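Enquirer: Got a structure here, written out as structure tokens. Questions coming.
The values are calculated or read from the model by the stated rules, or taken from the named source; none is laboratory data. Computed from a predicted model, the values in this text were never measured in an experiment. So basically every Cβ, Gly included, is an ideal-geometry build from the backbone, and we count neighbours across all protein chains shown. To get the accessible areas, we keep the full protein, side chains included, count just its heavy atoms, and leave off ligands, DNA and RNA. Shrake-Rupley method; radii C 1.70, N 1.55, O 1.52, S 1.80 Å.
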Amino acid sequence: MCGRYAVRRDPAALAEEFAAADRTEGATGADFNITPTKTVPIVVQRGAERSVRPVRWGLVPTWAKEADGGPPMINARAETITAKPAYAESARRRRCLMPATGWYEWKPGDKRRQPYLCKRRDGTSMAMAAVFSAWWDPRTAGPPLVTCAVVTTDAVGELADVHHRMPLVLPEERWADWLDPARSEIDELLRPDPGVLGELALHTVSTEVNSMRNNHPDLLEPADPVPEPAEQAALFES
């Protein structure tokens, strides 16, 4: 996963879709070109309440000395998430869902920078498995910085033709178990669900996605792919 996705629905609509309360207080909204370190909506379960809350995309471990000490940790590999120190505590106790209309992907080495969008065939939001963390700045007495990372796994099928990794998308029947902070054993939940994979569709979109400055609903629409270099040359010769 290259680090770009979209959320078409506002927090109130997401709250309805995920049977949750909207606790974002206007801190986030629909975004068609989400980049690392942006404020994004997550779904969490605490006690009897499931809620949608705003956090920063790019996990900062609780023990980090500073919040911006390196590249944002936007992805966590499912194969190592329970063992790596940066993610292990969050994987045990602080799991969440990151709602998404779809995620953008690019083929490694593609000089055309042709973006693809993967989304659900029925247009509903997908639930990307994720973890979150709360970091307190030792220099201040303010509230913690809450951050998150998407859990990724090996890509399969046509998705693997574009990129070798993809988000772990959870079916609705796994949401409650993933969100349950009392559950620490999650190996079974980290295995991709074949049923979900069959619900995903991939198509090319406009190269406008390549610039983070572009942010509008049309970015989600199918678009003709950029011609291969040989095809471009043929156009000028004709």
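Enquirer: Return the ratio Rg/(2.2 N^0.38 Å) for region 1-99, where Rg is computed over Cα atoms only.
Expert: Working: Rg = 14.0 Å, N = 99, 2.2 N^0.38 = 12.6 Å.
Ratio of Cα Rg to 2.2 N^0.38 Å: 1.11.
Enquirer: Which translational diffusion coefficient, to the nearest whole µm²/s, is obtained for the chain from the Stokes-Einstein equation, given a Kirkwood hydrodynamic radius over C-alpha pairs, 20 °C and 1.002 mPa s?
Expert: The calculation lands on 116 µm²/s.
Enquirer: Write down the Å³ per residue value for the convex hull defined by the alpha carbon atoms of region 125-238.
Expert: Values: hull volume 23.0 nm³, N = 114.
It comes to 202 Å³ per residue, whole-number rounded.
Enquirer: Another one. Work the Kirkwood hydrodynamic radius out for region 35-74: mean of 1/r over every pair of different alpha-carbon atoms, inverted, in Å.
Expert: Numbers: mean 1/r = 0.0865 Å⁻¹.
After inverting the pairwise mean of 1/r, the radius is 11.6 Å.
Enquirer: Per-residue counts of other Cβ atoms within 10 Å, averaged by peptide: what ranking do you get for 101-108, 52-59, 222-229, highest first?
Expert: So the order, starting with the most tightly packed, is 52-59, 101-108, 222-229.
Enquirer: Given a 1.4 angstrom probe, what's the average accessible area per residue across region 99-201, in square angstrom?
Expert: 45
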